[in-house]
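Heads up: the structure comes next, in structure tokens.
The values are calculated or read from the model by the stated rules, or taken from the named source; none is laboratory data. What you see is a predicted model; the values in this text were computed from it and never measured. Heads up, the Cβs are rebuilt from the backbone with ideal geometry, glycines too, and the neighbour counts pull from every protein chain shown. Accessible surface is based on the protein model in full, side chains and every heavy atom, while ligands, DNA and RNA are left aside. Shrake-Rupley method; radii C 1.70, N 1.55, O 1.52, S 1.80 Å.
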Amino acid sequence: PYSCCPAASAYTTSRMTSIKAILFDMDGVLASVGTSYREAIVQTAAHFGVKISQEDISVQKKIGNANNDWILSKKLIDSKLNPSEQSPTLEKVTEVFEEIYQGNDTTPGLCETESLIPSLGLLEEIYRRCNGAFAVVTGRPIKDCHKFLQTHKLDHLFKICICMEDAPAKPNPTGVLMACKKLGVEPCNALMIGDTPDDIKAGKSGGTLAWGVLTPEEDAKVTLGLVRPPEDMTTCLLAAQADGVMRCGLSQLLDIIPAAPLVPQGVLRRGEVHRNTKETRIDVTVHLDGSGVCEVHTGLGFLDHMISQLAKHGRFDIQLTCSGDLHIDDHHTAEDCALALGEAFDLALGKRQNIKRFASALCPLDEALSRVVVDISSRPFAVVDLQFTREMIGQISCEMLEHVLESFAHSSRLTLHVHNLHGKNNHHKAESAFKALGVALREAVSLDASAGVPSTKGVLN
């Protein structure tokens, strides 16, 4: 079957990993202009008594040096005139073209027929993968470029636009180089995408990678089997030294610009702490991206039960062993286990990037209902009120269960609010609270590629 995209060379493939910015031509890449700019050329020619077709335009685009549609209109008109007929001036051709394209008080312009080719969601995803390094390099006038971006809600993606007034028309590479400079990237780390040989030549001359893309019209010809090499646009783009050619819509960019892993390859969100004092000896490991496997031996059975609830419902793998001075009471063991667990949790979070940060959970256990609100803020603070009505649950005092939550919040550097909203059974109150803590933390530490550092300060320290 006919393929529009050849396999990239090993050299090109290796360069793909270094792409930091993407430069987009507008017409035929972002904007579907078959019924606007190209139809304006057809109607402009008709105004001067000359009949040209969309295919005539396509042929000129394949040949090259056809980036300015005013000049292209005049060129096509002149090519069809008899020697005895007078050629219109470029100024007159431009005037007629602009009235047809822009419209007037009584007739809407063909510009109103333009549509966005790739989906906005796709562009936003690639924008994220490139850390916002997008630019438009187009032969459009500035006003037409910005009108299209605003109409299709793209202006937040394309803050850098190199237009007709800014640089010579492609294939001159000046616009490409200007865009790279404004983005702060070397041309070798940029990718130019265009639908004509002029776009490809401009990119290659400027030192970028350059990929062609088929317009909706050219893509339809491929789909319907109406073109074959060497008459097709793909062949023309490759002849201009394109590194590859993608189908209409730019979806192949998802393969060309891979998503960066949210957690760097080989890095585990894991924390390990060994805490040795005259009162306790504790070893603890926490793996945030686990499955809820828990092995805990604190010497306090009910505390083991609560930490197991945190692990299970947070999907954290937790191993914790403690040898403490339980012959005195439960205080040192419970407090130090919470401090060590929090320290391990803090280590597992690492730089606190690409996480959701905020979360809350409501968890019931029969008649008891507890609410937990958590902020992985690096601002340790805890408000805990579990409404206990007896002194002990098993071997641990109820006051120490609340203190465990406070100590965990401080050593893990979390803001934590834990409240029992309803309940009569104290076991149920405590267990619903620890379950809610696990559920809320699972959400708060979950990966979110759009978050970056989830703070307007730029750091979470």
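Structure above, values below:
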read-out	value
Complete set of residues in the range 285-296 that are without any contact (Cβ under 8 Å) to a residue 60 or more places away in the chain and either touching a Leu at 6+ places or on another chain (Cβ under 7 Å) or part of a loop (DSSP other than H, G, I, E, B) (or both)	Asp289, Gly290, Ser291, Gly292, Val293, Val296
Of all residues making up the range 29-49, the number that are open to solvent by 10 Å² or more (accessible area, probe 1.4 Å) and closer than 15 Å to Pro88 by Cβ	5
Hits in the range 427-461 - residues which are closer than 19 Å to Leu310 by Cα, in contact with a helix residue (DSSP H, G or I) (Cβ under 7 Å, 6 or more places away or on another chain) and open to solvent by 10 Å² or more (accessible area, probe 1.4 Å)	Glu431, Lys435, Val439, Arg442
Filter result for the condition that a residue is within 19 Å of Ile57 (Cα to Cα), among the polar types (S, T, N, Q) and more than 25 Å from the chain's Cα centre (by Cα), over Thr235, Thr223	Thr235
Residue match in the range 332-340 (condition: hydrophobic (A, V, I, L, M, F, W, C) and without any contact (Cβ under 8 Å) to a residue 24 or more places away in the chain)	no
Among the residues listed as Gly203, Gly184, Gly139, Gly194, the single one being modelled with pLDDT under 95 and within 13 Å of Asp25 (Cβ to Cβ)	Gly139
Where a residue in the range 150-170 is under 18 Å from Gly203 (Cα atoms) and its partner, wherever it lies, is open to solvent by 40 Å² or more (accessible area, probe 1.4 Å) and among the hydrophobic types (A, V, I, L, M, F, W, C), with Cβ under 6 Å and at least six apart	Ile162/Met178; Cys163/Ile142; Ala167/Met178
Residue selected from the range 162-215 under the condition over 22 Å from Met233 (Cβ atoms) and more than 27 Å from the chain's Cα centre (by Cα), by the criterion most open to solvent (accessible area, probe 1.4 Å)	Glu165
Matching residues in the range 113-128 - criterion: being in contact with a helix residue (DSSP H, G or I) (Cβ under 9 Å, 6 or more places away or on another chain), farther than 18 Å from Met192 by Cα and part of a helix (DSSP H, G or I)	Thr113
Residue match in the range 239-255 (condition: at pLDDT below 90, surrounded by 12 or more Cβ atoms within 10 Å (Cβ to Cβ) and touching a helix residue (DSSP H, G or I) at 6+ places or on another chain (Cβ under 8 Å))	no
Meets criteria (within 38 Å of the chain's Cα centre (by Cα), under 20 Å from His427 (Cα atoms) and touching a residue at least 12 places away in the same chain (Cβ under 8 Å)) for His313	yes
Count of the range 276-309 residues which are more than 24 Å from Leu365 (Cα to Cα), open to solvent by less than 20 Å² (accessible area, probe 1.4 Å) and either modelled with pLDDT under 95 or not hydroxyl-bearing (Ser, Thr, Tyr) (or both)	4
Residue check, His417 assigned to a helix (DSSP H, G or I), open to solvent by 10 Å² or more (accessible area, probe 1.4 Å) and touching a residue at least 40 places away in the same chain (Cβ under 8 Å)	no
Selected residue [modelled with pLDDT under 90 and over 27 Å from Gly194 (Cα atoms)] from Pro83, Pro108	Pro83
Matching entry among Leu122, Leu110 (being touching a Ser or Thr at 6+ places or on another chain (Cβ under 7 Å) and buried (at least 18 other Cβ atoms within 10 Å of the Cβ))	Leu110
Odd one out for Cys236, checked against (1) open to solvent by 10 Å² or more (accessible area, probe 1.4 Å); (2) out of contact with any helix residue (DSSP H, G or I) (no Cβ under 6 Å at 6 or more places or on another chain)	(2)
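This table checks each residue for (1) part of a loop (DSSP other than H, G, I, E, B); (2) closer than 30 Å to Ser251 by Cα; (3) in contact with a strand residue (DSSP E or B) (Cβ under 9 Å, 6 or more places away or on another chain); (4) open to solvent by less than 70 Å² (accessible area, probe 1.4 Å).
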| site | (1), (2), (3), (4) |
| --- | --- |
| Ala66 | yes, yes, no, yes |
| Ile71 | no, no, no, no |
| Ile77 | no, no, no, yes |
| Lys92 | no, no, no, no |
| Glu95 | no, no, no, no |
| Asp105 | yes, no, no, no |
